[in-house]
1. Under 11 Å from a point 7 Å along the Cα-to-Cβ line of ARG108: which residues of segment 170-190 have their amide N that close?
2. Counting DSSP beta bridges with both partners in segment 2-237, what percentage is antiparallel, nearest 5?
3. Hey, can you rank 146-157, 111-122 by average C-beta count inside 10 Å, highest first?
4. Please give the contour-minus-distance gain from GLU90 to GLN168: 0.36 nm per residue of separation, less the Cα-Cα distance, rounded to one decimal in nm.
5. Hey, how many Å between the Cα centroid of segment 72-146 and the Cα centroid of segment 177-221?
6. Please report, in whole Å³, the volume per residue of the convex hull around the C-alpha atoms of segment 1-109.
7. Using the basic label-point model (7 angstrom from Cα toward the beta carbon), what is the ARG230 to ALA20 distance in nanometres?
8. Pick from LEU127, LEU11, LEU95 the residue whose mean-square fluctuation is largest in a GNM of the chain, springs joining Cα atoms under 10 Å.
Amino acid sequence: MAALVVSDLHLDPANPGISAQFGGFLRALREVEALYVLGDLFEAWIGDDDPEPHHRETIAGLRAAADAGVALYFMHGNRDFLLGERFCRETGGDLLADPTVVTRYGRRVLMTHGDALCADDRPYQRLRAMVREPAWQSQFLALSVRQRQALAQEARAGSRAHTSTQAQMLMDVNADAVSNAFRTAGVDVIVHGHTHRPGSYEHEVDGRRRTRIVTGDWYAQGSVLRWDERGFELQALPRG
Ligand code: MN
(Lines give C-alpha, C1' and ligand atoms only; values in the text may rest on other atoms or scores of the structure.)
Protein backbone atom coordinates (compact mmCIF):
# COMPACT_ATOMS: atom_id res chain seq x y z
CA MET A 1 0.00 0.00 0.00
CA ALA A 2 0.99 3.61 -0.50
CA ALA A 3 -0.06 7.14 0.32
CA LEU A 4 -0.06 9.77 -2.41
CA VAL A 5 0.41 13.51 -2.07
CA VAL A 6 -0.66 16.13 -4.60
CA SER A 7 -1.09 19.91 -4.51
CA ASP A 8 -1.65 22.93 -6.70
CA LEU A 9 -3.99 21.44 -9.26
CA HIS A 10 -5.68 24.85 -9.52
CA LEU A 11 -8.81 23.22 -10.96
CA ASP A 12 -10.73 25.79 -12.94
CA PRO A 13 -13.70 25.57 -15.32
CA ALA A 14 -11.50 27.50 -17.79
CA ASN A 15 -8.98 24.60 -17.81
CA PRO A 16 -11.02 21.41 -18.25
CA GLY A 17 -7.94 19.39 -19.27
CA ILE A 18 -6.55 19.47 -15.73
CA SER A 19 -9.83 18.31 -14.20
CA ALA A 20 -10.10 15.52 -16.77
CA GLN A 21 -6.59 14.33 -15.89
CA PHE A 22 -7.32 14.50 -12.17
CA GLY A 23 -10.58 12.59 -12.69
CA GLY A 24 -8.68 9.83 -14.51
CA PHE A 25 -6.02 9.86 -11.79
CA LEU A 26 -8.69 9.30 -9.12
CA ARG A 27 -10.33 6.46 -11.06
CA ALA A 28 -6.99 4.71 -11.54
CA LEU A 29 -5.97 4.67 -7.84
CA ARG A 30 -4.98 1.11 -6.87
CA GLU A 31 -3.31 -0.09 -3.67
CA VAL A 32 -3.52 3.46 -2.35
CA GLU A 33 -4.73 3.85 1.20
CA ALA A 34 -4.58 7.61 1.49
CA LEU A 35 -4.53 10.69 -0.73
CA TYR A 36 -3.31 13.99 0.68
CA VAL A 37 -4.24 17.16 -1.19
CA LEU A 38 -1.98 19.87 0.19
CA GLY A 39 -3.86 22.93 -0.95
CA ASP A 40 -4.85 24.80 -4.07
CA LEU A 41 -6.90 21.90 -5.36
CA PHE A 42 -9.06 24.67 -6.80
CA GLU A 43 -7.98 27.87 -8.50
CA ALA A 44 -10.63 29.65 -6.46
CA TRP A 45 -13.13 28.51 -3.85
CA ILE A 46 -15.84 30.97 -2.92
CA GLY A 47 -17.60 28.66 -0.47
CA ASP A 48 -18.97 25.11 -0.29
CA ASP A 49 -22.34 26.30 -1.63
CA ASP A 50 -20.90 27.18 -5.06
CA PRO A 51 -23.11 25.34 -7.59
CA GLU A 52 -20.37 25.37 -10.30
CA PRO A 53 -20.94 22.06 -12.20
CA HIS A 54 -17.23 21.67 -12.90
CA HIS A 55 -16.49 21.57 -9.17
CA ARG A 56 -19.46 19.26 -8.55
CA GLU A 57 -17.86 16.75 -10.93
CA THR A 58 -14.57 16.89 -9.02
CA ILE A 59 -16.43 16.36 -5.75
CA ALA A 60 -18.15 13.28 -7.24
CA GLY A 61 -14.78 11.90 -8.37
CA LEU A 62 -13.30 12.37 -4.91
CA ARG A 63 -16.37 10.79 -3.33
CA ALA A 64 -16.00 7.71 -5.54
CA ALA A 65 -12.35 7.35 -4.45
CA ALA A 66 -13.37 7.66 -0.79
CA ASP A 67 -16.11 5.07 -1.28
CA ALA A 68 -13.52 2.75 -2.86
CA GLY A 69 -11.53 2.91 0.37
CA VAL A 70 -9.04 5.75 -0.14
CA ALA A 71 -8.78 8.01 2.92
CA LEU A 72 -8.90 11.61 1.68
CA TYR A 73 -7.15 14.46 3.48
CA PHE A 74 -7.36 18.08 2.42
CA MET A 75 -5.35 21.09 3.48
CA HIS A 76 -6.21 24.69 2.67
CA GLY A 77 -4.13 26.49 0.06
CA ASN A 78 -4.02 30.22 -0.51
CA ARG A 79 -6.67 29.84 -3.25
CA ASP A 80 -9.10 27.46 -1.56
CA PHE A 81 -8.81 28.35 2.12
CA LEU A 82 -12.61 28.42 2.33
CA LEU A 83 -13.00 24.67 1.77
CA GLY A 84 -15.23 23.71 4.67
CA GLU A 85 -17.34 21.12 6.42
CA ARG A 86 -19.85 20.63 3.64
CA PHE A 87 -17.06 19.95 1.13
CA CYS A 88 -15.65 17.34 3.55
CA ARG A 89 -19.04 15.74 4.02
CA GLU A 90 -19.65 15.58 0.26
CA THR A 91 -16.25 14.14 -0.60
CA GLY A 92 -15.96 11.91 2.46
CA GLY A 93 -12.60 13.46 3.32
CA ASP A 94 -11.10 15.25 6.30
CA LEU A 95 -9.59 18.69 6.57
CA LEU A 96 -6.10 18.83 8.07
CA ALA A 97 -4.73 21.84 9.91
CA ASP A 98 -1.79 23.55 8.23
CA PRO A 99 0.78 22.33 9.22
CA THR A 100 0.17 18.75 10.35
CA VAL A 101 2.61 15.98 11.24
CA VAL A 102 1.61 12.71 9.55
CA THR A 103 3.05 9.39 10.69
CA ARG A 104 3.10 6.46 8.27
CA TYR A 105 5.45 3.67 7.29
CA GLY A 106 7.65 4.37 10.30
CA ARG A 107 8.27 8.02 9.41
CA ARG A 108 7.03 11.36 10.69
CA VAL A 109 6.47 13.94 7.98
CA LEU A 110 5.42 17.57 8.32
CA MET A 111 2.84 18.44 5.70
CA THR A 112 2.03 22.04 4.86
CA HIS A 113 0.70 23.98 1.87
CA GLY A 114 3.92 25.99 1.86
CA ASP A 115 2.72 29.59 1.64
CA ALA A 116 3.47 30.18 5.32
CA LEU A 117 7.13 29.31 4.59
CA CYS A 118 7.38 32.12 2.04
CA ALA A 119 7.95 34.65 4.80
CA ASP A 120 9.86 37.13 2.60
CA ASP A 121 6.70 38.07 0.72
CA ARG A 122 5.44 40.50 3.37
CA PRO A 123 2.42 41.96 1.50
CA TYR A 124 1.20 38.43 0.83
CA GLN A 125 1.65 37.38 4.48
CA ARG A 126 -0.45 40.38 5.57
CA LEU A 127 -3.21 39.38 3.15
CA ARG A 128 -2.98 35.75 4.34
CA ALA A 129 -3.45 36.80 7.97
CA MET A 130 -6.51 38.87 7.05
CA VAL A 131 -8.38 36.24 5.03
CA ARG A 132 -7.75 33.58 7.69
CA GLU A 133 -9.64 35.65 10.28
CA PRO A 134 -12.96 33.97 11.15
CA ALA A 135 -14.69 37.38 11.13
CA TRP A 136 -13.44 38.16 7.61
CA GLN A 137 -14.52 34.72 6.43
CA SER A 138 -18.03 34.86 7.84
CA GLN A 139 -18.51 38.32 6.34
CA PHE A 140 -17.37 37.06 2.94
CA LEU A 141 -19.50 33.90 3.09
CA ALA A 142 -22.57 36.01 3.92
CA LEU A 143 -22.40 37.60 0.45
CA SER A 144 -24.28 36.13 -2.49
CA VAL A 145 -22.56 33.59 -4.73
CA ARG A 146 -22.48 36.21 -7.50
CA GLN A 147 -20.87 38.84 -5.27
CA ARG A 148 -18.29 36.35 -4.07
CA GLN A 149 -17.50 35.32 -7.64
CA ALA A 150 -16.87 38.95 -8.56
CA LEU A 151 -14.59 39.49 -5.55
CA ALA A 152 -12.69 36.27 -6.26
CA GLN A 153 -12.14 37.46 -9.83
CA GLU A 154 -10.68 40.72 -8.52
CA ALA A 155 -8.48 38.87 -6.01
CA ARG A 156 -7.05 36.67 -8.77
CA ALA A 157 -6.23 39.69 -10.91
CA GLY A 158 -4.57 41.30 -7.89
CA SER A 159 -2.60 38.13 -7.19
CA ARG A 160 -1.39 37.93 -10.80
CA ALA A 161 -0.26 41.56 -10.68
CA HIS A 162 1.51 40.96 -7.37
CA THR A 163 3.34 37.77 -8.40
CA SER A 164 4.48 39.34 -11.67
CA THR A 165 6.21 42.22 -9.86
CA GLN A 166 7.70 40.29 -6.92
CA ALA A 167 11.26 39.01 -7.29
CA GLN A 168 11.31 35.23 -7.79
CA MET A 169 13.45 34.85 -4.67
CA LEU A 170 10.84 36.48 -2.43
CA MET A 171 8.24 33.97 -3.56
CA ASP A 172 10.30 30.91 -2.64
CA VAL A 173 10.59 29.56 0.88
CA ASN A 174 12.58 31.48 3.48
CA ALA A 175 15.52 29.44 4.84
CA ASP A 176 14.89 30.42 8.47
CA ALA A 177 11.19 29.57 8.21
CA VAL A 178 12.13 26.15 6.83
CA SER A 179 14.70 25.52 9.60
CA ASN A 180 12.15 26.52 12.23
CA ALA A 181 9.53 24.23 10.75
CA PHE A 182 11.92 21.24 10.84
CA ARG A 183 13.01 22.12 14.38
CA THR A 184 9.56 22.83 15.86
CA ALA A 185 7.98 19.68 14.43
CA GLY A 186 11.07 17.57 15.13
CA VAL A 187 10.92 15.94 11.70
CA ASP A 188 13.47 15.09 9.03
CA VAL A 189 11.03 15.42 6.15
CA ILE A 190 8.74 18.26 5.11
CA VAL A 191 6.37 17.90 2.17
CA HIS A 192 4.72 20.98 0.69
CA GLY A 193 3.46 22.54 -2.52
CA HIS A 194 2.67 26.17 -3.35
CA THR A 195 6.02 27.25 -4.84
CA HIS A 196 5.53 25.24 -8.05
CA ARG A 197 9.18 24.18 -7.83
CA PRO A 198 8.86 20.39 -7.65
CA GLY A 199 11.86 18.49 -6.37
CA SER A 200 13.71 17.22 -3.37
CA TYR A 201 15.80 19.79 -1.47
CA GLU A 202 18.40 18.99 1.18
CA HIS A 203 18.70 21.17 4.30
CA GLU A 204 21.17 20.97 7.15
CA VAL A 205 19.42 21.92 10.39
CA ASP A 206 21.10 21.59 13.81
CA GLY A 207 23.73 19.32 12.29
CA ARG A 208 21.21 16.96 10.73
CA ARG A 209 20.48 16.45 7.06
CA ARG A 210 16.80 16.94 6.37
CA THR A 211 14.74 16.74 3.23
CA ARG A 212 12.08 19.06 1.88
CA ILE A 213 10.01 17.53 -0.89
CA VAL A 214 7.98 19.90 -3.05
CA THR A 215 5.05 18.66 -5.12
CA GLY A 216 4.49 20.44 -8.41
CA ASP A 217 1.53 22.16 -10.00
CA TRP A 218 -0.68 20.46 -12.60
CA TYR A 219 -0.64 23.21 -15.25
CA ALA A 220 1.18 21.27 -17.99
CA GLN A 221 1.36 17.79 -16.43
CA GLY A 222 0.41 16.07 -13.20
CA SER A 223 2.72 15.79 -10.20
CA VAL A 224 2.37 13.23 -7.44
CA LEU A 225 4.50 12.12 -4.50
CA ARG A 226 4.29 8.42 -3.72
CA TRP A 227 5.08 7.48 -0.11
CA ASP A 228 5.39 3.85 0.92
CA GLU A 229 7.55 1.50 2.99
CA ARG A 230 10.54 2.15 0.70
CA GLY A 231 10.37 5.92 1.00
CA PHE A 232 9.35 8.76 -1.31
CA GLU A 233 9.14 9.03 -5.06
CA LEU A 234 8.12 12.21 -6.86
CA GLN A 235 6.54 11.42 -10.21
CA ALA A 236 5.47 13.54 -13.16
CA LEU A 237 2.24 12.39 -14.82
CA PRO A 238 2.23 13.23 -18.54
CA ARG A 239 -1.06 14.58 -19.80
CA GLY A 240 -2.45 12.03 -22.26
MN1 MN B 1 -0.56 28.09 -3.21
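The values are calculated or read from the model by the stated rules, or taken from the named source; none is laboratory data. Predicted model, so just to flag it, every value in this text is computed and none were measured. Neighbour counts run over all protein chains shown; Cβ positions are idealised from the backbone, glycine included. For accessibility, only protein heavy atoms count, side chains too; no ligands or nucleic acids. Shrake-Rupley method; radii C 1.70, N 1.55, O 1.52, S 1.80 Å.
1. Counting backbone N atoms under 11 Å from the label point, the list is 183-189.
2. Numbers: 22 of 43 bridges.
Within segment 2-237, antiparallel bridges account for around 50 percent of the total.
3. On the way: 146-157: 13.6, 111-122: 21.2.
Output ranking for 146-157, 111-122: 111-122, 146-157.
4. Net length gain for the segment: 24.3 nm.
5. 18
6. Details: hull volume 9.6 nm³, N = 109.
Looking at segment 1-109, the number lands at 88 Å³ per residue.
7. Output for this residue pair reads 3.2 nm.
8. LEU127
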